[in-house]
Structure formats: C-alpha cells, structure tokens
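Notes for the one structure printed next.
The values are calculated or read from the model by the stated rules, or taken from the named source; none is laboratory data. Predicted model, so just to flag it, every value in this text is computed and none were measured. Because the Cβ atoms are built from the backbone with ideal geometry, glycine has one as well, and the counts that use them run over all protein chains shown.
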Amino acid sequence: MFQEWLLRVIPLTYCGLNVYLNLWKIISVGPNGKTSELPSVMKPGFKYCHSCNVNSPPRAFHCPVCETCILRRDHHCSFGAVCIGHFNQRYFVAAIANLMVVAFICTWYNFSFVFTILPNMKASEYWWLCLPHLALVLRYITVYQFFVLVYFASSLTVVIFDGYLLAAQIFCLCRGQTRVEYLLDVQAYNCGFFENVKQALGRRWPFIFISPFIPSPLDSDGISFKTLELDSITKQTKYM
C-alpha cells in the first residue's frame, strides 16, 4: 500500500516541481535572454519601433505591458508577468506540459473519488459536478461532498485551460509561427514541424520536459532566422 502511494506521489511531485522551476526560468531568463539592447543598426527586414525607439529585428514585436520589443514574441504571460519569446519559450512549453500531467492525473483521482462518496448519483444529477454551490444550497449534497466536488471542478478547470495553452503552442509550432505571427498571417518561417520545434525549443528539445536545467541550445540568436521562403524577409514581415 505504501509503495503504491509512493509510485503516485513521487512522479506527481517531480512534475509539480518542474512546473515551478520552469516558471522561475521563464522569469529569470526572459524572452530576450542576455540581450539587454537591440541592435542600433538598421538591417534588411528590420523595422523601427516608435514605441520604444529602437530598430526591431524580424519576428520581434513590441509588448505594451513590458514596454519593450520582444524577440520572436509569442504572448505576454500573466502568471509570470513576463513575455514569452525566443529565449524562454522552451520553459513555458515544458511548464504547461508538466502541469498537464499533474492536473490530468489529479482530475482523474478526484473524479473517481466523487463516485466513491456519491455512489448512487444519477445522470440527471451530473450538474452537481459543475454547480456544487447550488447543489449545496438546495441541500442535495453535504458540506463534505461540496468540497470534494469543488476540488474536482477546480482540477478540471486547470486541465481545460492548460489544454488550451498546450494546443495553442502545438498549433503554432506546426505552422512555424508565434501567436502574434498567426494573427498577422506571417508564414515565412515554416520549415516543417520538427525543424520548427528545434528552432523554437532548441536542438535537445525532447529533454526539456525532464528538467529546465538540461541545456537545449537554440540555432538562432533571436535576430536572424531560418526561412524556406523565396521572397525576402522584408517582404514577408508584417507590421503592426
């Protein structure tokens, strides 16, 4: 019995720890990495950002929250209060992947436990799972059952939201885009799925899900990127 408990707790604890460590790396590394200033020269494909008064390279976009241009900007992460960009996207993907493992297993355990404390629940009573507060007020369930249903509803909410984040990342990786580039229909950097993944998550991307401390070097410096398009980057780059 104790061994079965360890087999459940240790992997979940490890994945949960990975979520927090990757969140720390998201913040500490930042989207621009060690790059404190963007290039002062104007190169082909660059555009001048009137918001922060710098020359912005291809795939870089201004973030109104961070008040600076972000290299290969994907989106602004409210949980970390930092943008997801070129140098910290691998940590974001690893964090939400590990979180999905934890949230899905916890939801499954909670779902099983719901039917342990409510063994005779009918199909017409499944709304209790979504509205436990109303079920408690109407005295269909006890206070103890209410908290069990709340835990289940909370874990299910995390699974749904995290599933959206994970699906959005996979979708953009398949297309060789960031979420900003998808909105602007920039398609110049689609080099095939595995090449797209390597460009975004690094050459050792399968190992990023194990630990944020495993190196996964990026091929790009965040300023120049591989493209298979015949047109110049200048023509393919969209402007906001």
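Some observations on this one:
- Taken over the stretch 109-129, the residue count meeting the criterion of being exposed (fewer than 13 other Cβ atoms within 10 Å of the Cβ) and either at pLDDT 90 or above or in a helix (DSSP H, G or I) (or both) is 6.
- Pick from the stretch 196-216, criterion hydrophobic (A, V, I, L, M, F, W, C), assigned to a helix (DSSP H, G or I) and free of Cβ contacts under 8 Å to residues at least 40 places away in the same chain, ranking: surrounded by the most Cβ atoms within 10 Å (Cβ to Cβ): VAL197
- Among the candidates CYS69, CYS106, residue that is in a strand (DSSP E or B) and buried (at least 17 other Cβ atoms within 10 Å of the Cβ): CYS69
- Hey, ARG90 assigned to a helix (DSSP H, G or I) and charged (D, E, K, R) or not: yes
- Checked against the criterion of being small (Gly, Ala, Ser), modelled with pLDDT under 85 and surrounded by fewer than 14 Cβ atoms within 10 Å (Cβ to Cβ), the stretch 30-37 has at least one qualifying residue.
- Contact map, the stretch 4-32: first residue closer than 22 Å to PHE104 by Cβ, second residue polar (S, T, N, Q) and surrounded by 15 or more Cβ atoms within 10 Å (Cβ to Cβ), Cβ cut-off under 8 Å, separation 6 or more or different chains; pairs are CYS15/ASN98; GLY16/ASN98; ASN18/ASN98; VAL19/ASN98; ASN22/ASN98; ILE26/ASN88.
- Every condition in (1) among the aromatic types (Phe, Trp, Tyr); (2) surrounded by fewer than 19 Cβ atoms within 10 Å (Cβ to Cβ); (3) assigned to a loop (DSSP other than H, G, I, E, B); (4) at pLDDT 90 or above holds for PHE79 except the one numbered (4).
- Of all residues making up the stretch 174-197, the number that are closer than 22 Å to CYS77 by Cα and either basic (Lys, Arg) or within 18 Å of the chain's Cα centre (by Cα) (or both): 12
- Among residues of the stretch 173-195, those that are part of a loop (DSSP other than H, G, I, E, B) and free of Cβ contacts under 8 Å to residues at least 40 places away in the same chain, counted: 5
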